[in-house]
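So the structure is just underneath, and the comments pick up after that.
Any read-out appearing in this document is the output of simple, stated calculations on the displayed coordinates, not a laboratory observation. Keep in mind it's a predicted model, so treat the numbers as computed, not measured. When we count neighbours, we look across all protein chains shown, and the Cβ atoms used for this are built from the backbone with ideal geometry, even at glycine.
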Amino acid sequence: MNYGFIPRIMMGTLLLLMLGACTSDDGTGASMDQEAGDMAEKTASSGNQAEASEDISKEAVLENASEVDQQLENYYLESKVTTYMDGRTDETLTREWFYWKDGELHFRKEVEQADAPIQYIVGNDEHSMLYTEGEDTAVRTANLVKGSSLPSPSEAMKGRLSSYRMSHDSKLAGKEEINGRTGHHLVFTPKEAARESGTTMDLWIDAEHWLTLKEVLDQGETRMVYEVDTLVEGIEPAMDLFRLDLPEGVEVIDQ
């Protein structure tokens, strides 16, 4: 995929979707175990109230999507971003593993595109390493997970929803199934002042964990679709999954 030609609004969304989940929820390095105790009661209450009503309001879905941190531990997520532009279709497949052990997060991310080398990101609370297949160097970065250089998933979604609520009208279109999971369908259409952009957005928010199951940005001739294909909870992977076996001769550069 040639990212240089993706419209700015779509590129920003794509980067947030692909990278946002690598950060801690509060940006200060608190572990999932520390946060879970503070968030469990609030999340359970919000989730139970939402599920108890068949007529959940649009505002309740928006609030849960932007405010409630994802309560997923030890999971595998496979997602796909598809862009349609200038008569061509490009796909990016991302596989992610998140595993907490003894209060420490371990993660692995693989990004794959057609006719392009696979990108690997592995790490934990101390550091992360990025390697692109076929390269002779790998980059190791300290504290990527604990740092605040990237927004958390909830912060990323909150920012996008806040922006769209100012420029777009929204409505709740009901519940739909997305790859075996139930999602609340939100539709955003531009207000009169924003109609020149012509951008419409559809979101499907998971009814259980409030993560984004699907997102569609449509600018007419250009369209981007993000979709979660697979979500597996309760994984117990071998710890060597979170280490990169680099080819002989690859130099590790610390940044």
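For the stretch 222-255, the list of GluC sites (Glu not before Pro) that fall in a loop by DSSP and count at most 16 other C-beta atoms within 10 angstrom reads GLU248. Within the stretch 223-250, find all residues whose amide N lies under 13 Å from a label point positioned 7 Å from the Cα of GLU110 along Cα-to-beta-carbon. Only 241-245 pass the distance filter.
For the set LYS109/LYS171; LYS80/LYS191; LYS109/LYS158; LYS80/LYS175; LYS101/LYS158; LYS158/LYS214, the pairs lying more than 26 angstrom apart at their alpha carbons are LYS109/LYS171; LYS80/LYS191; LYS101/LYS158.
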